[in-house]
Amino acid sequence: MQSETTNSKSQMRKGILEYIVLLILKKKKAYPSEIIQILKESDFIVVEGTIYTLLNRLRKEGKLDYEWVESTEGPPRKYFVLTESGSSALSALEKEWTTIIKVIDSLT
């Protein structure tokens, strides 16, 4: 039973990760390590490879773009930014999240 619960939790987290990353990038452009740090500070721990895969998928879908920014602490960093398409996708996810919360609240 424990592994079924763990799997369900993992699936829930994967399902909302795109929404969370878009929310982060709505506030400011960020590079992958910074996004991971923000997630860790929020107690939403993810594997680094998961973030890179998600960011690349979102970029291919046109929801994100990126720009290279010189760094004083090493090589240039790839900062991801929300596109207009990404903002539209985020709005749709926000509406869906509100609906989900209402359903959960009505059942608890």
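Normalized C-alpha radius of gyration of the chain, against 2.2 N^0.38 Å?
So the chain has a normalised radius of gyration of 1.20.
Non-local amide H neighbours of Leu64 (under 5 Å, H modeled in plane, Pro and chain starts lacking H): which ones?
Correct list: Arg59, Thr83.
Over the chain, give the accessible area per residue in Å² for a 1.4 Å probe, as an integer.
70 Å²
How large a share of the accessible area of the chain, in percent, is made up of carbon and sulfur atoms when the probe is 1.4 Å and the other protein chains stay in place?
The C+S portion of the solvent-accessible surface of the chain is 54 percent.
Can you work out ³J(HN,Hα) from phi for every residue in the stretch 68-79, in order, using Karplus 6.51 cos²θ - 1.76 cosθ + 1.60 and θ = phi - 60°, giving whole Hz and x for Gly and Pro?
Computed from phi, the couplings for the stretch 68-79 are 8, 10, 4, 10, 7, 10, x, x, x, 10, 8, 8 Hz.
Note down the net charge around Glu67, summing +1 for each Lys or Arg and -1 for each Asp or Glu among other residues with Cβ under 12 Å from its Cβ.
Net of charged neighbours comes to +2.
Among the listed pairs Lys9/Lys40; Lys60/Lys102; Lys29/Lys102; Lys9/Lys78; Lys28/Lys78; Lys27/Lys78, give every one whose C-alpha distance is greater than 25 Å.
Over 25 Å apart, Cα to Cα: Lys60/Lys102; Lys29/Lys102; Lys9/Lys78.
The values are calculated or read from the model by the stated rules, or taken from the named source; none is laboratory data. On a predicted model such as this, the values are computed, not experimentally measured, just so you know. Virtual Cβ from ideal backbone geometry, glycine too; neighbours counted across all protein chains shown. The protein model used for the area step is the full one, side chains on, heavy atoms only, and it has no ligands, DNA or RNA in it. Shrake-Rupley method; radii C 1.70, N 1.55, O 1.52, S 1.80 Å.
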